[in-house]
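Beneath this line is the structure, given in structure tokens, with notes to follow.
The values are calculated or read from the model by the stated rules, or taken from the named source; none is laboratory data. Source: prediction; values computed, not measured. A quick note on method: Cβ atoms are made from the backbone with ideal geometry, for glycine too, and the neighbour counts reach across all protein chains shown. We work out accessible area using only protein heavy atoms, side chains counted, and drop any ligands, DNA or RNA first. Shrake-Rupley method; radii C 1.70, N 1.55, O 1.52, S 1.80 Å.
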Amino acid sequence: MEIVDEIVSEFLVESYENLDQLDSDLLELEEAPNDKAKLSSVFRSIHTIKGTSGFLAYPKLEKVAHTGENLLVLLRDGEMMLNSEIASGLLKMVDAIRSMLRSIEAGNGEGEDSFAELIQELERLKSGDSGGSDEAPVQATEIPVEDVVEELRPSEGDVESEAKAAEGVEERQVQSQEVAEEPAAVVAEETETEEVASPAVATPDASADDVKPSEPAAAQPAPAPAPAAKPPAAQPAAEEKAPPATSSVTESTIRIEVGLLDKLMNLVGELVLARNEIMQCGEKSEDTALAAASQRVNLITTELQEGVMKTRMQPIRTAWSKLPRVVRDLSRSCGKQVQVKMEGADTELDKTILEAIKDPLTHIVRNSVDHGIEPTDVRVAAGKPAEGTLLLRAYHEGGQVNIEIIDDGGGIGVERVRAKAVEKGLVTEEQAAALSDREASMLILLPGFSTAATVTNVSGRGVGMDVVKTNVEKIGGTLDISSVPGEGTTLRIKIPLTLAIVPALVVTCDNDRFCIPQVNLLELVRLEGDKVKNQIEVLHSVPVYRLRGRLLPLVYLDEELGLRDRRTEADRHLDTAVNIVVLQAEDQIFGLVVDSISDTQEIVVKPLGAHLKSLPVYAGSTIMGDGTVSLILDVIGIAQVGHVLVEHGGKKLVDSNEGNSDLEGSQECYLVVDPGDDTRAAVALDAVARLEEVSTTSIERSGNQQVIQYRGQIMPIVSLSAYGEIDTTQDSVPLIVYNTGESDIGVAVGKILDIVDQVEDGSSPDGNSRVIGGKVTRIVDLEMIARSVA
């Protein structure tokens, strides 16, 4: 069978399901012909098949469905009563449609049969000619039209299915227009009731007469009598000409309720918890059989988890589908010309997250059209195309989904934003002056902020972007804005793939374990000995740590949880070691000081009990591998109670004594390592996904490649020393993990030396070496290593 495209596949699956239901409904209608709910259901199903087949340019299928629909109009409106002969005719129509669907599925188009006899029979039945039937005429029972209108309103599923078909048929419409018009005797007239019920599915070649009120059947020329109808159980002759009934499309697809998927997801979450417990027992035990079994359970659980998660994943085009219409209507009302482009519409997200971002995306798009893109005359005067462009882009990166909304408008007027923020009392003049352009742009996310001169039905009320920001953060996402005056604005949203199972860093504080979602984690720092006294300073009464030229505000977890009194400066100097978890909350980076750092693991997020929901520092709870309950920290809540966001959000914590306040934005950060051959090598820090210390006993071999089992996947590993193999005679090796966007690659090094800032100018002629930290250092491209492994 030829491969049918995705749109036709969906049409086939839905149509097969509708036909199966039609068989049942028609048989029930024979017993209860006055059941208007069943009549409505039958009519909707045929109407959907007719409309979609017209969009997909299947004229014979459309003609058969259209003729049957005209007969159903009379039954629906109470002008005729369904009897066994009409039921037989409609069942033949169902069989004929099924035959054509099978032919389409087999790649043979609609088949050779035109079903002229069936169309004649349906026309005869519509005209009221019983064809010599001995059955006594049945008086039609009148059904109030206003009741039928409510029953026949298209359901959400009908509109959705037809909309999906419409999205993919622009290329087919040319074919559809070439279809010959139907003969006058075949094109039946539909009632105004149908026009009210389903206006969105008019076929491309439908004439204006299709939506006029029905005229008396006697006004139409009576067709020649057709042969007597066969019993419902009889198979039409057309069925014999159809290809074998394989229905492989329907056999490979099944529809499942979201509630059942949610239940499966919860069960998988419980299995992950049990897996963690088994893994913990296996690591402590010396029983090799138990260790092997636990590894096997780990792999199976991971595969099952990924499989169930995929069943909940939907393409982001589901959330984007309504945005072109929003842009069209809004741009017209604003007197602008705007086109919408989409990239990465197939990027998949968990259904729960997809639903959560629909409203924020709509608001952002409305803002871009209303505030971002200029009127046509302004664009032309600035040398831009008259039509503005709004680009929606989505892609996966580092276990998250990035969504970008980019317009080519006038950008954000930062001076106007500063002035408006001062006017509304959101910041002081001194604070506004100290803000960088990027920080000033972020002021539009504050509650109550608006630069609109007048209040309209679109904007100006100061309510919107702060709500967008709040809703994005509720699902663990972040919001960032960048703008270039005169060129446009880019708004970036980073959100997790799913909310049910997330990777987290486990830390301890006062002998209790807490989990920090890795989406907020930037890096880990440990200070020992004299570094605690010399590198932790106090600025504006806030303890800070000098991290590569940037003064990082510190928040002590035990203090914010009320486990101890606030430290004095003398108390801080008594600490022999300090573990700092560097986190990002909104656009602010800060360090969370904890007692110790345990490990990273996947956790199942459980909601908080009612007695803990009022505490801002907790985002949820989870069950650890040993069965104990741990709380998940809310990074933004911690930053708020630690006054990092409130008191220091507007300050640039860069040490001015260094002589260059712009150093942070211009310098390059490198991870410096010893490859194991007494040389120095450096890797760009932003290319490093994470650092790991792995036991050499966990290194296995797949073909000629050394690999390890890492976070549910088989990760290839190489030695940085000439990209060779790793020496397994040592106990463990430090590993740099590089993410290619699709998978991880491990690069083993001899030692991790330091993280330094590149400020020297010296470099080799070929650019492969640079002076870093005062020493000549080879620059390593992790992407090149990844390509060599692949």
Note down all Cβ pairs under 9 Å where the first residue falls in the stretch 675-686 and is free of Cβ contacts under 8 Å to residues at least 40 places away in the same chain, the second is small (Gly, Ala, Ser), and they're at least six residues apart or on different chains. ASP678/GLY750
Name the pairs whose Cβ atoms lie under 8 Å apart, with the first residue in the stretch 311-330 and farther than 10 Å from VAL365 by Cβ and open to solvent by 30 Å² or more (accessible area, probe 1.4 Å), the second assigned to a helix (DSSP H, G or I) and not hydroxyl-bearing (Ser, Thr, Tyr), and 6 or more positions between them or separate chains? THR311/LEU261; THR311/LEU264; MET313/LYS351; GLN314/LYS351; GLN314/LEU354; THR318/LEU354; SER321/ALA163; SER321/GLU167
Scan the stretch 331-343 for residues that are open to solvent by 40 Å² or more (accessible area, probe 1.4 Å) and of a type in the set (A, V, I, L, M) and report the count. 2
Specify which of the listed residues (LEU527, LEU491, LEU522) is open to solvent by less than 50 Å² (accessible area, probe 1.4 Å) and within 24 Å of TYR395 (Cα to Cα). LEU491
Would you confirm whether or not the stretch 272-290 contains a residue that is under 30 Å from THR352 (Cα atoms), crowded, with 16+ Cβ neighbours inside 10 Å and under 24 Å from the mean Cα position of the chain (by Cα)? yes
Looking only at the stretch 716-753, which residues are among the aliphatic types (A, V, I, L, M) and crowded, with 18+ Cβ neighbours inside 10 Å? ILE717, VAL718, LEU720, ILE726, VAL733, LEU735, ILE736, VAL737, ILE745, VAL747, ALA748, VAL749
Just give me the residues in the stretch 402-422 being of a type in the set (A, V, I, L, M) and within 18 Å of VAL365 (Cα to Cα), in sequence order. ILE403, ILE405, ILE406, ILE412
Take the residues in the stretch 772-790 that are modelled with pLDDT of 85 or more and in a strand (DSSP E or B); name whichever of them is nearest to VAL694 (Cα to Cα). VAL780
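Quick one: which helices (runs of 4 or more DSSP H) sit completely within the stretch 260-362 and have at least 2 residues that are charged (D, E, K, R)? Outline the logic, then answer.
Working: elements: 288-311, 317-320, 323-333.
Correct list: 288-311, 323-333.
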Being hydrophobic (A, V, I, L, M, F, W, C), open to solvent by less than 40 Å² (accessible area, probe 1.4 Å) and in contact with a Cys (Cβ under 9 Å, 6 or more places away or on another chain), is that true of even one residue in the stretch 358-374? yes
Quick one: what pairs do we get from the stretch 411-433, first residue exposed (fewer than 12 other Cβ atoms within 10 Å of the Cβ), second in a helix (DSSP H, G or I), C-beta under 6 Å, 6+ apart or different chains? GLU429/VAL422
Only one of ALA681, ALA722 is modelled with pLDDT under 85 and more than 34 Å from the chain's Cα centre (by Cα). Can you tell me which? ALA722
Going through the stretch 344-357 in order, the residues found to be surrounded by fewer than 17 Cβ atoms within 10 Å (Cβ to Cβ) and in contact with a strand residue (DSSP E or B) (Cβ under 9 Å, 6 or more places away or on another chain) are ALA345, ASP346
Could you tell me which of the residues ALA37, ALA65, ALA57 is out of contact with any Pro (no Cβ under 8 Å at 6 or more places or on another chain), open to solvent by 10 Å² or more (accessible area, probe 1.4 Å), assigned to a helix (DSSP H, G or I) and hydrophobic (A, V, I, L, M, F, W, C)? ALA37
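Let me confirm something: among LEU90, LEU75, LEU71, which residue is open to solvent by less than 10 Å² (accessible area, probe 1.4 Å) and either among the aromatic types (Phe, Trp, Tyr) or under 15 Å from ASP20 (Cα atoms) (or both)? Steps first, please.
Details: LEU75 fails: either among the aromatic types (Phe, Trp, Tyr) or under 15 Å from ASP20 (Cα atoms) (or both); LEU71 fails: either among the aromatic types (Phe, Trp, Tyr) or under 15 Å from ASP20 (Cα atoms) (or both).
Testing whether each residue is open to solvent by less than 10 Å² (accessible area, probe 1.4 Å) and either among the aromatic types (Phe, Trp, Tyr) or under 15 Å from ASP20 (Cα atoms) (or both) leaves just LEU90.
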In the stretch 558-584, how many residues are in contact (Cβ under 8 Å) with a residue 40 or more places away in the chain and either in a strand (DSSP E or B) or surrounded by 11 or more Cβ atoms within 10 Å (Cβ to Cβ) (or both)? 16
Qualifying positions in the stretch 375-402 - open to solvent by less than 40 Å² (accessible area, probe 1.4 Å) and under 25 Å from the mean Cα position of the chain (by Cα): THR389, LEU390, LEU391, LEU392, ALA394, GLN400, VAL401, ASN402
Taking the stretch 626-640, which residues are surrounded by fewer than 18 Cβ atoms within 10 Å (Cβ to Cβ) and in contact (Cβ under 8 Å) with a residue 60 or more places away in the chain? ASP626, GLY627, THR628
Residue pairs, Cβ under 9 Å, 6 or more apart or interchain, first in the stretch 19-37 and under 20 Å from MET100 (Cβ atoms), second of a type in the set (Phe, Trp, Tyr). List them. none
Considering every residue within the stretch 384-395, establish whether at least one is assigned to a helix (DSSP H, G or I) and more than 23 Å from ILE493 (Cα to Cα). no
Go through the stretch 335-390 and count every residue that is of a type in the set (Val, Ile, Thr) and more than 15 Å from GLY411 (Cα to Cα). 9
Within the stretch 589-603, how many residues are open to solvent by less than 10 Å² (accessible area, probe 1.4 Å) and either among the basic types (Lys, Arg) or closer than 21 Å to ILE495 by Cβ (or both)? 1
